[in-house]
Each structure stands twice: as structure tokens, then as C-alpha cells.
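> Got a structure here, written out as C-alpha cells. Questions coming.
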Amino acid sequence: MAKEGTAITEETEHMIEKNGIKEQESVLSAVDSKEMRAVVLTGFGGLNKLRVTKKAMPEPQEGEVKIRVKACGLNFLDLMVRQGNIDNPPKTPLVPGFECAGIVEAMGENTKGFEIGDRVMAFVNYNAWAEVVCTPLDFVYKIPDDMTFPEAAAFSMNFVAAYMMLFEVANLREGMSVLVHSAGGGVGQAVAQLCSTVPSITVFGTASSFKHEAIKTSVTHLFDRNVDYVQEVKKISPEGVDIVLDCLCGENTGKGLGLLKPLGTYILYGSSNMVTGETKSFFSFAKSWWQVEKVNPIKLFEENKVIAGFSLLNLLFKQGRASAVKTVMQKLISLYDQKKIRPLVDSLWALEEVKEAMQRIHDRGNIGKLILDVEKSPTPLMANDSTETSEAGEEEEEQEGDSDNKERTPFIP
């Protein structure tokens, strides 16, 4: 009898212990479901400032859409943000990224126009490089049925910027000529494709020589980025060009203005010449600023030239022009449906491979757009350098240059 009682007691204790473990697992599972993976920039600087870690999952506020992210776009601007090489940078830590594509998971109050399960692409004011994002309804657009998530993440920022610069700022028309720098990048290729939708457009492009074979059919004339492209353009078109799209800045500003025909338009939409090393360089910034030709309004008046600037993110998030961007997006989706344009994806990278992806764009190695594929598994390395955390949950600092010799092979579609 005593043995029986002992057995029952032990069995009861085992059941309690087992149930306790189940309850604990259930609690942990509930906690996990409220968390997500995200790329976090812990401070401005080099690649060692990037980490993949767990964060609390956001929930949609009134007028917002919650998106389960499948793919995120990586732009040169993200590299400048990482370095703190922008005006009024936000405080760190932060989740970088401005565009993504995925599936609608939930909607806040008074949010109409989408249904749970819709495939969408979206602009986000930071926070895009995560498994889940919430963003206002006005920044979300449905994806065409035959567009993949990586293509959608490569579509929004590049094609909207290219379209608005060409058609709304510069008024591109039949028979005009365009000079675009970084012709092999995401925006450069979007510009080339959009120019092909207008008859008799001559496109001059500059790009690294190793990209020429891959992009030579997308532009009319292609020059090495290190040659004197001004003289090369004038050999072909002595009067110059009608439109200059400049993402470099520095000395290229004066060169671009000098190449303009009367009634021509120069548009500055980036300043990648300020980025030389892995971290922000005051020397590069000062050199680029010093090389910018001081614009004389009287000279513009006398020469009948137009100089403009374009920032899509400022237009969206600071200047309240979401409706104008939505109209452009509708036109672009129509062009896509007509098979006149298609985003060019360079390569796909896991979130944990964000450092290598950034290095590729820093080296100007991409042809088209780099994409962070949220569901992609990282290529195994001896050290999991992007996800290390201490027992306290704090990201451990990595020595500068630790990943210099580590390479992962991206998925190139």
C-alpha cells in the first residue's frame, strides 16, 4: 500500500512537472510569436554596426497596414544612412530600409482598400528590414499577379524615382537625349527602360567597365565611369544633352551643367561620391562639397538651363505628396502589365548576409537591385557574425575588418 501511494505520488509529481513544462513552452511560444527578426543598426559607422536580432513585433495603428515581409530593397542611400552620412540622421539603434514587399497580415482601424492576404509593396519610413512592418495605407500598393516579391521590392523606389525625374521634372519627350550616371544600378536601369517607352530617345550612360557587356543593349552609348565622359558625349552630340540625371554630385555637377543644351534640365538625386571608405569620411565630404560648381542664377538665365533636385523619400514622408506618387505607381504598373518595363534583380541575400550585400553595393558590384530575402537561409559560415548576442541580449561588438575576408555567395536569379 505504501508502495502504491509512493508510485501515485511520483506519477502525480511527474504529471505536474510535465504540465509545467508544457505551460512554460506555451508561454515561450506566445512570446516568440510576438517577436520578429530584424536588421538593427546599433550606431553609425562600419559594417560591424549591423546586427540581426529579435525585436517586438509592431501592430498597426489607425490608418496603417501590417505586412508580413517577404523581400526588402537595398539602396545606396541605406549605405549612407549606416555611415550617418545624411542630413539630420535619426537616433540609433534603428531598423534601416525604406521599401519592402509582402503579404497583408492585418489592418488598423479605419483602414480600407486592402484585404488580409493581399500581395503588396510598400514604402516605409525606416524599419523595412524586418519580418513585419506597419506603414500608412497611402504608402502601400498591390502587386501585379505575375510580379515576384523580389521584383516588387526592386520596383517601387527605383521606378518611381526614375519616372518622376524623367517625366514630371524634366518633361521627357520624343527625340530628346539623356545622360544617366551609374547606368548599371537599379535607378539607372529603370531610367533606361522608361526611356525606351518614348520614341527616338538617345541614352548616354556611365558605368564600371565590367558591367558594360551586361547592360550594353539597354543604353544607346555607354562609357566607362573613369573616362572623360564629357568629351565622349560631345564627340557624338556636340550640342550636349537635354537631361542629366546625377547621383554622384561633386565635380560631376559642373560637368553635367556644362553638357546641357539650351532648355535642358540637370537633376541631382544622390551624392554617392561622398562615400569612399567603410565609414563616414570628412575628407570625402569636404572634397565633394568643394568640387560642386557654385550655381549662378544669372548664368542659368543667360544659358536657358534648369537645375533641380529630387528626393523621393522627402516627397513622401516630409512633403505630403503620397497621392502624386500613387498616381505614378498606377502608371508604372500599367507599363509593367504591358511588359514594357521589368525590375532587374541583381541578387538575393538573407537578412544575416546584410553586411556582404552592403559591401557589394559599396563596391558598385551590382547590376540592378540587391534584395534582402527574408525567407532565405544564410550561407553557412564558421562564425555567425551577424547574429551574435551576449547572454544579456546585447549585441557584441565585432572588431573592424573581422568580416573582410569572409565571403558568401548570393543567390543570383
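The values are calculated or read from the model by the stated rules, or taken from the named source; none is laboratory data. Because the structure is predicted, anything quoted here is derived from the model rather than measured. For neighbour counting, all protein chains shown are included, and Cβ atoms are generated from backbone atoms with ideal geometry for every residue, glycine included. Areas reflect the complete protein model, heavy atoms only, side chains present, ligands, DNA and RNA absent. Shrake-Rupley method; radii C 1.70, N 1.55, O 1.52, S 1.80 Å.
> Of a type in the set (D, E), farther than 30 Å from I67 by Cα and free of Cβ contacts under 8 Å to residues at least 24 places away in the same chain, is that true of E213? If you could, list the steps in order and put the result at the bottom.
Values: of a type in the set (D, E): yes; farther than 30 Å from I67 by Cα: yes; free of Cβ contacts under 8 Å to residues at least 24 places away in the same chain: yes.
Taking the combined requirement at face value, the residue satisfies it.
> I'd like to check something: does region 47-57 contain any residue that is at pLDDT 85 or above, surrounded by fewer than 21 Cβ atoms within 10 Å (Cβ to Cβ), in a loop (DSSP other than H, G, I, E, B) and in contact with a Lys or Arg (Cβ under 9 Å, 6 or more places away or on another chain)?
Yes.
> Can I ask one more? I need a count of the residues in region 231-242 that are aliphatic (A, V, I, L, M) and open to solvent by 20 Å² or more (accessible area, probe 1.4 Å).
Restricting attention to region 231-242, the residues satisfying the condition of being aliphatic (A, V, I, L, M) are 233, 236, 241.
From what's left, open to solvent by 20 Å² or more (accessible area, probe 1.4 Å): 236.
Number of matching residues: 1.
> Related question: Give just the number: which of (1) of a type in the set (G, A, S); (2) at pLDDT 95 or above; (3) at positive phi; (4) open to solvent by 10 Å² or more (accessible area, probe 1.4 Å) does G113 not satisfy?
In the conditions (1) of a type in the set (G, A, S); (2) at pLDDT 95 or above; (3) at positive phi; (4) open to solvent by 10 Å² or more (accessible area, probe 1.4 Å), G113 misses (2) alone.
> While we're on this one: List the helices (runs of 4 or more DSSP H) inside region 143-238, counting only whole elements, that have at least 1 residues being more than 28 Å from M121 (Cα to Cα) and of a type outside the set (D, E).
On the way: elements: 149-153, 156-163, 186-195, 212-215, 229-236.
Passing ranges, in order: 212-215, 229-236.
> Just for region 355-375: of the residues that are touching a Phe, Trp or Tyr at 6+ places or on another chain (Cβ under 7 Å) and not in a strand (DSSP E or B), which one is modelled with the lowest pLDDT?
Looking at the filtered set, the residue picked out is I361.
> Next question. Since P89 meets every condition but one in (1) touching a residue at least 60 places away in the same chain (Cβ under 8 Å); (2) more than 29 Å from L335 (Cβ to Cβ), which condition does it not meet?
(1)
> What number goes with the only condition from (1) in contact with a Phe, Trp or Tyr (Cβ under 8 Å, 6 or more places away or on another chain); (2) among the aliphatic types (A, V, I, L, M); (3) in contact (Cβ under 8 Å) with a residue 60 or more places away in the chain; (4) open to solvent by 40 Å² or more (accessible area, probe 1.4 Å) that L245 does not pass?
L245 satisfies every listed condition except (4).
> Turning to a different aspect of this structure: With the requirement that a residue be touching a Pro at 6+ places or on another chain (Cβ under 8 Å), part of a loop (DSSP other than H, G, I, E, B) and closer than 20 Å to V160 by Cα, what does region 82-126 give you?
Going residue by residue through region 82-126, those that are touching a Pro at 6+ places or on another chain (Cβ under 8 Å) are 82, 101, 106-108, 111, 126.
Still in the running and part of a loop (DSSP other than H, G, I, E, B): 108, 111, 126.
Matches in region 82-126: Y126 only.
> Kindly provide the set of residues from region 60-109 that are open to solvent by 20 Å² or more (accessible area, probe 1.4 Å), closer than 21 Å to I371 by Cα and in contact with a Ser or Thr (Cβ under 7 Å, 6 or more places away or on another chain), ordered by number.
F76
> Are there any pairs, at least 6 apart or on different chains, whose C-beta atoms fall under 7 Å, with the first in region 295-322 and touching a residue at least 12 places away in the same chain (Cβ under 8 Å) and the second of a type in the set (A, V, I, L, M, F, W, C) and open to solvent by 80 Å² or more (accessible area, probe 1.4 Å), and if so, which?
Cβ pairs passing all conditions: N304/L263.
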